[in-house]
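Student: Dumping the structure here so I can ask a few things about it.
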Amino acid sequence: MTLKERFEAVLAGRRPDAMAFYGDLTYWYFAHEKIGDIPEKWRGPRGIGQIHKDLRVGEYVGGCNAYEMREGSTVRTKQWQDGDLLNVSWETPVGTISQVQKWSADSFSWGFLEHAIKGVDDLKVLRYIVEHREYTPRPDYIDQVTADYGDGGVCIAAVPGSPITELNKTWTGIMDMCYMLMDDPKEVHKTFQAMAEDQDRLFAITEQCHCPYVMICENLSAETMGSYFDEYIGPYITRRMDGLHRHGKKALIHIDGKLRGVLEKIEATGVDCIDSVVPHPVGDVAIEDLRPLAGDKIILLGGLPGAMFAPPFKADDMERQVRRLIELHKDSGRFMLGCADQVPPNGDLGLVKLVGDLVEEYGRY
């Protein structure tokens, strides 16, 4: 079977010839493009695909949306960089909000210094923004990604997380969101409703797209969002499953943080697969406890924490992790090995190849 066929078999409830192994190498690739040390054979528009092919790891999660989003004509967005600071502002008829992010040369990432929503009064601006957004289907893009991946990966259409998650990770940060929920729950709930109605439009496009798989980018961690799951996240995800399944989609949800407190609740929502499962030695759940917590039916994708591809972890550590995962989870037919959630810039791609080799040696049925 090809890497694509292995994934498709598991999602269809069939047994592949060997366990599937998928990983997102885009973070590593982005960093090394900036460093300038990517080998010639891995450069160019589809160099990232060649890396996946050479290392025998399935390609997925490329930020592939079935739609194009544009801010409304009455929303003026400005973005400018000042040294290592990135500034963005949204000017609307009801007010202006702005954010500032700082570039980290160590992690090759942007971190928030200042979120756009700083208090309850700013929420009316956010509501105006989401209410006036425009969405256009882009089927040609889905088709192109599918063709680019070929037999080496799976195109998965991405959609945002639930409104409370998007408010937290995109607009407020966890602390300010907690205070706003306590200080003025009515105003926050009104914002959740506006965000949900905005998502109705992009979900409608995604449900109709050619791609059979959809990733809900919840980026869930029990550490920050576990206490909000029962009231806000679980019911929302359950509602979205109705439309996705009715249109023949298989749904994955991205959980790349602490597991205990949310892992045991996902199966009841109807989600088909939990993506980016992070167990020990980085996460808070032992490998042998993953299935008892998650439930018998749901598919798990992960098991290989991204940190394990970088020092101080070595090949022996990775081999023990992989062989233990195979020993415990191969027979279920509902576990796919995956980098959880990305191989970092200081990651050793030799360890990615090692996983692929171990799958072929020990992970065959």
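Student: Using only Cα atoms, locate the centre of the stretch 45-82 and the centre of the stretch 20-39, then give the distance between them in Å, rounded to an integer.
Tutor: The distance from the Cα centre of the stretch 45-82 to that of the stretch 20-39 comes to 14 Å.
Student: What FRET efficiency, computed as 1/(1 + (r/R0)^6) with R0 = 25 Å and r the Cβ-Cβ distance, is obtained for residue 71 and residue 197, rounded to the nearest 0.05?
Tutor: After rounding to 0.05, the efficiency reads 0.95.
Student: Can I ask one more? Between residue 282 and residue 319, what length comes free when the chain is fully extended (0.36 nm per residue of separation minus the Cα-Cα distance, one decimal in nm)?
Tutor: Difference between extended and current length: 11.8 nm.
Student: Using alpha carbons only, how many degrees (0 to 90, rounded to 10) separate the axis of helix 139-149 from the longest principal axis of the chain?
Tutor: Result, in degrees: 30.
Student: By DSSP, what percent of the beta bridges with both residues in the chain are antiparallel, rounded to the nearest 5?
Tutor: DSSP beta bridges in the chain are roughly 50 percent antiparallel.
Student: Then there is this: So, by mean Cβ neighbours within 10 angstrom, what's the order for 146-153, 50-57, 78-85 with the highest one leading?
Tutor: 50-57, 146-153, 78-85
Student: Using only Cα atoms, find the angle between the long axis of helix 185-208 and the longest principal axis of the chain, and express it within 0 to 90 degrees, rounded to the nearest 10.
Tutor: Long axis of 185-208 versus the principal axis of the chain: about 50 degrees.
Student: While we're on this one: What is the sum of charges around residue 9, taking Lys and Arg as +1, Asp and Glu as -1, for the other residues whose C-beta is under 10 Å from the C-beta of residue 9?
Tutor: Value of the local net charge: +1.
Student: Who wins for biggest fluctuation among 35, 274, 117 in a Gaussian network model of the chain, springs between alpha carbons below 10 Å?
Tutor: The residue that fluctuates most here is 35.
Student: Expressed in nm to one decimal, what extension gain is obtained for the pair residue 231 and residue 327 from 0.36 nm per residue of sequence separation less their Cα-Cα distance?
Tutor: Answer, rounded to one decimal: 30.9 nm.
Student: Still on this structure: Filter the GluC sites (Glu not before Pro) in the stretch 1-110 down to the DSSP loop ones having no more than 16 other Cβ atoms within 10 Å, then list what survives.
Tutor: Qualifying residues, ordered by number: 71.
Student: Quick one: 349, 202, fewest Cβ neighbours within 10 Å first, how do they rank?
Tutor: 349, 202
Student: Quick one: length gained pulling residue 56 to residue 17 fully straight, 0.36 nm per residue minus the C-alpha distance?
Tutor: 12.6 nm
Student: How many angstrom lie between the C-alpha centres of the stretch 196-217 and the stretch 146-165?
Tutor: Spelled out, the Cα-based centre of one part sits 11 Å from the other.
Student: How do 206, 269, 77 rank when sorted from fewest to most other Cβ atoms within 10 Å of their own Cβ?
Tutor: 77, 269, 206
Student: Name the residues whose placed amide hydrogens come within less than 5 Å of the amide hydrogen of residue 24, ignoring near sequence neighbours (fewer than 5 apart) on the same chain.
Tutor: Amide H neighbours of residue 24: 339, 343.
Student: On to the next question. For labels at residue 245 and residue 80 in the simple 7 Å Cα→Cβ model, what's the distance in nm?
Tutor: For the pair residue 245/residue 80, the computed spacing is 5.1 nm.
Student: Mind checking the angle between helix 234-246 and the chain's longest principal axis? C-alpha axes, 0 to 90 degrees, to the nearest 10.
Tutor: 70
Student: Who wins for biggest fluctuation among 19, 69, 215 in a Gaussian network model of the chain, springs between alpha carbons below 10 Å?
Tutor: 69
Student: Please identify, among 12, 157, 116, the residue showing maximal mean-square fluctuation in a Gaussian network model of the chain using a 10 angstrom Cα cutoff.
Tutor: 12
Student: Using a Förster radius of 45 Å, what is the FRET efficiency between residue 1 and residue 186 based on their Cβ-Cβ separation? Nearest 0.05, please.
Tutor: Using R0 = 45 Å, I get an efficiency of 0.25.
Student: Right, another one. Which residues' amide hydrogens lie under 5 Å from the amide hydrogen of residue 218, considering only partners 5 or more residues apart or on another chain, with H built in the peptide plane?
Tutor: HN-HN under 5 Å from residue 218: 254.
Each value in this text was obtained by applying a stated rule to the coordinates, not by laboratory testing. Source: prediction; values computed, not measured. Neighbour counts run over all protein chains shown; Cβ positions are idealised from the backbone, glycine included.
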